[in-house]
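As structure tokens, the structure follows; a few thoughts come after it.
The values are calculated or read from the model by the stated rules, or taken from the named source; none is laboratory data. As the structure is a computational prediction, the values presented were derived from the model and not from experiment. Because the Cβ atoms are built from the backbone with ideal geometry, glycine has one as well, and the counts that use them run over all protein chains shown. We work out accessible area using only protein heavy atoms, side chains counted, and drop any ligands, DNA or RNA first. Shrake-Rupley method; radii C 1.70, N 1.55, O 1.52, S 1.80 Å.
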There are 2 protein chains.
Amino acid sequence: MADPVPTQTELIYDGRIVRLEVLNGRYEVVRHADAVAVLALNGQGEMLCVSQFRPALGLTTLEVPAGLMEKGEDPAAAARRELQEEAGFDADLEKLTFFYASPGFCDEGLHIFAATNLRESRLPMDDDEDIEVIWRRPAEVLDELRDGRTVGSATTVTAALFALGRQMESR
Amino acid sequence: MADPVPTQTELIYDGRIVRLEVLNGRYEVVRHADAVAVLALNGQGEMLCVSQFRPALGLTTLEVPAGLMEKGEDPAAAARRELQEEAGFDADLEKLTFFYASPGFCDEGLHIFAATNLRESRLPMDDDEDIEVIWRRPAEVLDELRDGRTVGSATTVTAALFALGRQMESR
């Protein structure tokens, strides 16, 4: 069994969004800001999604509004900002969950919120973002992810499953 | 708007589990193997969890049995192998979903399976793994993740939400 508590750190790369370290000469670890994502449902039970090209995959994904937290920013404030930037809505937010994207090698945490009381409020988008807003039924999104017809993220799946749970509860 | 299709790749680091590239002098991208994770429920509606120390976080997480796919390995075969290594069970598997852990910077895909018809079958664990098996109620795990009492991963949340959905359906 390996020594579990890292005591020695070698810095490999310190970039714009990624910092790569090797701990104890053995564990490759990516440091990355935490991120936020938002589940917003409309009156028809559809989920607010964004479609965008992801260079890391070379693919266009279906996700929910999401983005990195800025230094010192509160998770709920970051979520409201991203929702305004990517979809043009402000809202009241309720925390759904927090989890790590891939704790085997990366420290990125994801704060997931539910948005209610949506009202129009747009903030300018980042220059390098080209995002299409689409409303989709959560059950359909889950079917398409399973069958490989749609490419999604951890936040897509989590939001769709929370949405489905709320719809089942309210029946 | 930036050029969406990367045409130029700079290799920064090529390690054991992480390969770091910069695309078009702009996009920091981590290449990482795809992984598998398994939701297994017992007759009491509890979910098979594993607890382990994660050097990338400096924390002990609650996750479901999971691990990286080996080169050329089929996702279901990898999931059966991980379930046997980490928890000592073989099972029949059903695909639940596929998603990317963090597509903004990383190409790691996650295949999630449901395991049924569990039977004891142990494979030796990797040398550097020190894992404790725990059965937990999905609703409790979700409450604890939201309140910050438990540290979990995308696979923990996804598995717990699928489990809850199945329990609600069968009521």
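In table form, for the structure just shown:
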read-out	value
Rounded percent of accessible protein surface that carbon and sulfur make up, the protein assembly as shown, 1.4 Å probe	45 percent
Positive-end residue of B:ALA101, B:SER121, B:VAL141, charge dipole of chain B with Cβ unit charges	B:VAL141
Tensor-based shape of the protein assembly as shown (alpha-carbon gyration tensor, a/c under 1.5 rounded, otherwise prolate or oblate)	oblate
Cβ-vector label at 7 Å, B:GLU132, separations to other copies in nm	4.9
Probe 1.4 Å, all protein chains present, accessible-area order of B:MET125, A:MET47, largest first	B:MET125, A:MET47
Debye, to nearest 20: dipole size of the protein assembly as shown, +1 on Lys, Arg Cβ, -1 on Asp, Glu Cβ	800 debye
Convex hull of Cα atoms in segment B:1-46, direction-averaged projection (nm²)	5.9 nm²
Summed buried accessible surface, chains A and B, 1.4 Å probe, nearest 100 Å²	5100 Å²
Computed over segment B:40-91, Cα set: Rg, Dmax in Å	12.5, 36
Nearest-first distances (nm) between copies at A:GLY45, label 7 Å from Cα via Cβ	2.2
Per residue accessible area of the protein assembly as shown, 1.4 Å probe, in Å²	44 Å²
Principal-axis tilt of helix B:138-147 within chain B, Cα atoms, nearest 10 degrees	50 degrees
Share antiparallel - DSSP beta bridges, segment B:33-169, percent rounded to 5	75 percent
Gap separating the Cα centres of segment B:106-122 and segment A:14-62, nearest whole Å	23 Å
Under 20 Å from the A:THR116 label point (7 Å along Cα→beta-carbon), backbone N, segment A:136-171	A:138, A:159-171
Among B:SER102, B:SER153, B:SER51, residue whose mean-square fluctuation peaks in a GNM of chain B (springs only between Cα atoms under 10 Å)	B:SER102
Chain A: angle of helix A:154-169 to the longest principal axis, Cα-based, in degrees nearest 10	40 degrees
Label distances, nm, A:ARG31 versus same residue in remaining copies, Cβ-directed 7 Å point	2.5
Cα-based convex hull volume of segment B:33-169 per residue, rounded to whole Å³	118 Å³
Percent RCO, i.e. relative contact order, over chain B, from Cα pairs under 8 Å lying at least 6 residues apart	24 percent
Charged-residue dipole, Cβ positions (Lys, Arg, Asp, Glu), segment A:55-134 about Cα centre, Debye nearest 20	340 debye
